[in-house]
1. In square nanometres and to one decimal, what's the mean projected area of the convex hull around the Cα atoms of the chain?
2. Which value does Rg/Rh take for the range 463-526 over its C-alpha atoms, Rh per Kirkwood?
3. With a cut-off of at most 13 other beta carbons within 10 Å, and DSSP calling the residue loop, which GluC sites (Glu not before Pro) in the range 472-575 qualify? Please list them.
4. Using alpha carbons only, how many angstrom separate the centre of the range 423-461 from the centre of the range 111-169?
5. Within straight cross-link reach of LYS59, meaning Cα distance under 30 Å, which lysines are found once same-chain residues fewer than 8 apart are removed?
6. Take the eigenvalues of the Cα gyration tensor for the range 397-451, scale each by 5, and report the square roots as semi-axes in whole Å, largest first.
7. I want the antiparallel fraction of DSSP beta bridges within the chain, as a percent rounded to 5.
8. Just to be sure I understand: if I project the alpha-carbon convex hull of the range 329-445 onto a plane and average over all orientations, what area do I get in nm²?
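The values are calculated or read from the model by the stated rules, or taken from the named source; none is laboratory data. Everything numeric in this text was worked out from a predicted model, so none of it was measured. For neighbour counting, all protein chains shown are included, and Cβ atoms are generated from backbone atoms with ideal geometry for every residue, glycine included. For the accessible areas, the whole protein counts, side chains as well, though only heavy atoms, and no ligand, DNA or RNA atoms are used. Shrake-Rupley method; radii C 1.70, N 1.55, O 1.52, S 1.80 Å.
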Amino acid sequence: MIRLLSLFLVLAATTAAHAQADETIRLNQTGMYPNQEKVAVVEAAKVKNISIKDASTGKVVVKNKVLRKAVSPWSGKQRTVVDFSNLTTPGQYVFSVNGHEQPFTVKENALQELTTAAIKSYYLMRSGCEIEEKYAGEYARPLAHADTRVMIHPSAASAERPAGSYIISPLGWYDAGDYNKYIVNSAYSVAVMLLSYEQNRSYYDALSTNIPESNNQTADLLDELMYNLQWMLTMQDPNDGGVYHKLTTPNFEGFVMPKDCHQQRYVVQKSVTATYDFAAVMALAARIFKGSKDYPTFSRDAAKAARDAYQWALNHPKAFYNQNAMNREFKPAVNTGTYGDGNARDEQFWAATELYLLTNEGAFLADAQATAPTDFRVPSWGYVAPIGQWEWMIHPEANAENSAKMKAFMLDYCDKQLATTATSSFQTPTGNNPRDFGWGCLAEAFCAHGMAFLFAYKLTGEAKYLTAAMQCSDYILGRNATGYCYVTGFGLKSPIHPHQRISTADGIEAPMPGLLVGGPNPGQQDNGDGSIQYPSKQPDESYADAIPSYASNEIAINWNATLVGLTGWLDNIMR
């Protein structure tokens, strides 16, 4: 049951706190803009008595039309797609069909509360500081993981920093459901949000999230990113420029609060992928933060760190992170998230791109051109080339030929995705292939695609791309096969048992709000013993709102980054 969280004012986005989602009607549960496409999907092949009523008067307000029948290509389920886009007046409404009803809202700034909560979730995920009640309400907790005595793991040892010695590496965010901090994922997460910020500066500048830095001269989003960037800087070895792959305990902690964690924390070996990712995001951040009054030295420091990291990566092209091999050679064994990747070409392309945009030096341009991809795919932590491609697209002054080429690759990709909407189950340009579902699919198959469509819209002005981006968000927010709004604290049916240690151990019934869960995952890698009650093995229904379900119900900073990037950008456009 959704309850008021005055901390975020998030429930202004929902229709009625006591209402519940109807399992027959699938639609956006958080709010729709007056001028957006409005679609509901009915879990039935035949429909009758469809109506849209004013919630207070019961009066039918608009006529709707049945767009088409939809048949799932894998389950064979038959559904009906109903369009009511002609409803443009803000208000509270009820969608009725076949004797079933579900409330919904039409409003301006429909995604603002959700975007604010998604950004605020990073404050609640901070490591190394007290989470204060005046900012966090009931989610307050004491300082933990100060990380002032982080040990050098034998795999990371050097003459200047021998095994068993200590470094200070505070701040940063907990990565996901666990309490470790990973450079690869942090770099990707920060970059995605910086790119959205770069396209929507005035919007994010005006957005207040009530964090300790809210009264300074910097956008709250940038303040939050800086909290993690400052940690990332501590992960670079000042003696050679290489970057430690992660800061971690040997094993995952149990489902306890941070203050109850007692394992020694380590930095482990430097890797080429982490170091290129670090170089890329530091160069990007140096450009965005240039001239900052609150962080006056950061751009200079980040630019130098980026250069040093890039050179180390050039000198160590085979330094991939292989945890199994590392554990055979060094102790203690490390059994936490790997973020392993055996190909650094995409990381180098992104890093070279960002350093060229920062410095205008020909060597970086040459490296970017030498490693450039020849097609487009949406980004993920393991494939970051699209971030570099987006940068070339939006900076044609840097190199018109590169910009045009990357734009052509992306538009071709987007148009192929759009072609699948007409036969889709939920009026979306993605989610129409079983391969679209898997670990983190809501971020990588929906939010990341949504951002690609928004870049396409920015570059062309064609409304079809904006509609496609909105359709991606509609899917996440309730118009999908499970009927979940997949963001905690929002909608009529949202996750209440995410795979996250804090939300499990804090004794609070409701999880932290504003967190995007991973989503349907037919691989069900967490269910070897069959103890998790997945409702289905169908690709788009294989989701379990259960704490043990790390394969479908974990949260992660990279997933939330794409949520912030998509919803903030949409809300800015639709204002």
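1. 24.6
2. In the range 463-526, Rg relative to Rh is 1.05.
3. In loop regions of the range 472-575 (DSSP not H, G, I, E or B), the sparsely surrounded GluC sites (Glu not before Pro) are GLU509.
4. 32
5. LYS38, LYS46, LYS48, LYS69, LYS107, LYS493
6. Equivalent-ellipsoid dimensions as semi-axes: 26, 14, 8 Å.
7. So the antiparallel bridges amount to about 90 percent of the total.
8. Averaging across all directions leaves 10.2 nm² for the Cα convex hull.
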